[in-house]
1. When the residues of the range B:80-95 are narrowed to those that are in contact (Cβ under 8 Å) with a residue 60 or more places away in the chain and within 13 Å of chain A (Cβ to nearest Cβ), which ends up nearest to the chain's Cα centre (by Cα)?
2. Look through B:Ser108, B:Ser150 and report the one residue that is touching an Asp or Glu at 6+ places or on another chain (Cβ under 7 Å) and polar (S, T, N, Q).
3. Of the conditions (1) within 21 Å of B:Leu274 (Cα to Cα); (2) within 11 Å of another protein chain (Cβ to nearest Cβ), B:Pro115 satisfies every one except a single condition; which number is it?
4. Taking the stated definitions as given, is B:Lys303 more than 14 Å from the chain's Cα centre (by Cα) and of a type outside the set (Val, Ile, Thr)?
5. Looking at B:Phe299, B:Phe337, can you tell me which residue is closer than 28 Å to B:Val264 by Cβ, assigned to a helix (DSSP H, G or I), at pLDDT 85 or above and in contact with a His (Cβ under 9 Å, 6 or more places away or on another chain)?
6. Looking at the range B:229-242, can you tell me whether even one residue there is part of a loop (DSSP other than H, G, I, E, B), over 30 Å from B:Val102 (Cβ atoms), in the same structural domain as B:Val139 (by TED's automatic domain parsing) and not polar (S, T, N, Q)?
7. For the range B:278-307, enumerate the residues that are in contact (Cβ under 8 Å) with a residue 40 or more places away in the chain and within 25 Å of B:Pro172 (Cα to Cα).
8. So, in the range A:30-54, of the ones that are among the small types (Gly, Ala, Ser) and free of Cβ contacts under 8 Å to residues at least 60 places away in the same chain, which residue ends up nearest to the other protein chains (Cβ to nearest Cβ)?
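The values are calculated or read from the model by the stated rules, or taken from the named source; none is laboratory data. What you are looking at is a predicted structure, and each value in this text was computed from that prediction instead of being measured. A quick note on method: Cβ atoms are made from the backbone with ideal geometry, for glycine too, and the neighbour counts reach across all protein chains shown.
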Amino acid sequence: MKAYDVIFYLFALLTVLPAIFSAFHPNILYAALSLFISFFGVAGLYALLAADFVAAAQVLIYVGGILILLLFAVMLSKNIYGATFQEEKKKKIWPSLLGMLFLGVITKIAWTTHWSEALVDNLVQPTTARIGHQLLTDYLLPFELSSLLLLSAFIGAITLARSK
Amino acid sequence: MPLPELLKELFSTWPLFQHMPLWFLSLGCILGLLFLFVFPFAGVAVYVERKIAGDIQARIGPNVVGPYGTLQWIADAIKLLFKEDIIPKEADKKLFILAPAVIFMSGSAAFAVIPFAEHLVLTNLNIGVFYLIAITSIVTMGIIVAGWASNNKWSLLGGLRSAAQIISFEIPVALCLMTACLVAGSLNLSEIIDAQATFRWGILHNPFMLIAAFIYYIGALAEVNRTPFDIPEAESELVSGYNTEYSGMRFAIFFLVEYAECFVISAIATTLFLGGWHFPFLDLSTASLALKMPLQIIFFMTKCIILILIMMWIRWTLPRYRVDQLMKLCWEVLVPFSFACFLGTAAWMVIFGGKGIPELIAGLLGFGS
């Protein structure tokens, strides 16, 4: 086992353990906060795969944006402390079935994908130039579609905020 | 050459350090930066701020400990270190302890990419600017958690105000940083400084960059919660905001990070808009390292300190904004203007082939290249 593997398993542990914690912890605030560590673990995995821009974007968007909104939402809900919050409506069958299905799909993809092992050996530097080039040539349509989606989300948010 | 390698070379003549692993040297660099620079800097900044506040408000300021009160900050630090650390009975103990740690982590991690001189940077990241935006956004989480864990209405209100404020002001700040990156053509802080060599400073590049620099400064002031944007800790409304319940060293950490962040935003402004370690019409590229490095540090620090002094001047002369005025300022003034600056700079780059005003003037007069 090389140092690279050790670091990989460290980050993997850092991602998976808080994720499990957040799924099973009865206190919703703690569940949201343990995602904080999990997001960092994912960012570390990206950095390990030499995707520095994606790693920074992960921290910026998930920790700096989504997690803060999550915390806002948690703090506006009542009965954060105590086990009552999650036990009010217990639906077990459908979520577990869907979860199993999702896990199956992910495992299938992980097994059948041909993983390139020479990823770290021939680094592309800087990655941002390559990402920008790819976005505006090969992946122009998905890029524009996602910007359209964001625009519609903006308009929706403004409409909601104005309708007082 | 990044700093760890430089240090390795320096230490290679010293037998004890010859076989040190790289991570040990990196750790040494980080601890050295924190203990030899960040902590003393924050202390001295507190003293200077109190003296300036005294001057502006026609008072004397600290004058008891040491000559002219210069040792006041050491006395304050020792006092805070030995003070009892009180955790409220009804507080969420774990989160109460976690919050200052998160804030401290975010505040000190930003120092990793600040280029003090040509080789004096801990990690020369390719995405330096983006890293800074990402890592400073974590402070919000620490502040929300601090406000929540204190189990105090003032703290919670302060935390929520702070989160709303930082999330809002992040947008114009990030846009202005992107504008500067557009001009320099890189996200790497050292390359951005190189692109502004001698007199081609970012702020002089085109009229839009001048506006962007001011928007960045205003937005950054709001991001570190300083007056006139300090509504999260507005003393007249919220006692002390999100840090009301904190005492002793944990309280000191909030203060420390505030001053460290003041330095960070001044350093970013210096790097992106004021040419970093460059001085107009002084070309240091051929000078020896022994001459170059001290001069570059002096230029960089001088620019930073001037920006910090302006911050203090603003703090003690302007009254505080109201919450709604603050949000209005952000969304109805700063955001549209920063978008205009971004588009304007992009258009300028296309029309003038990436040349700034200083270069165009130099080209007209027929000197320089």
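1. My answer is B:Ala91.
2. Of B:Ser108, B:Ser150, the one residue that is touching an Asp or Glu at 6+ places or on another chain (Cβ under 7 Å) and polar (S, T, N, Q) is B:Ser150.
3. (2)
4. no
5. One residue alone meets the criteria, B:Phe299.
6. no
7. The answer is B:Phe300, B:Cys304, B:Leu307.
8. Here the answer is A:Ala43.
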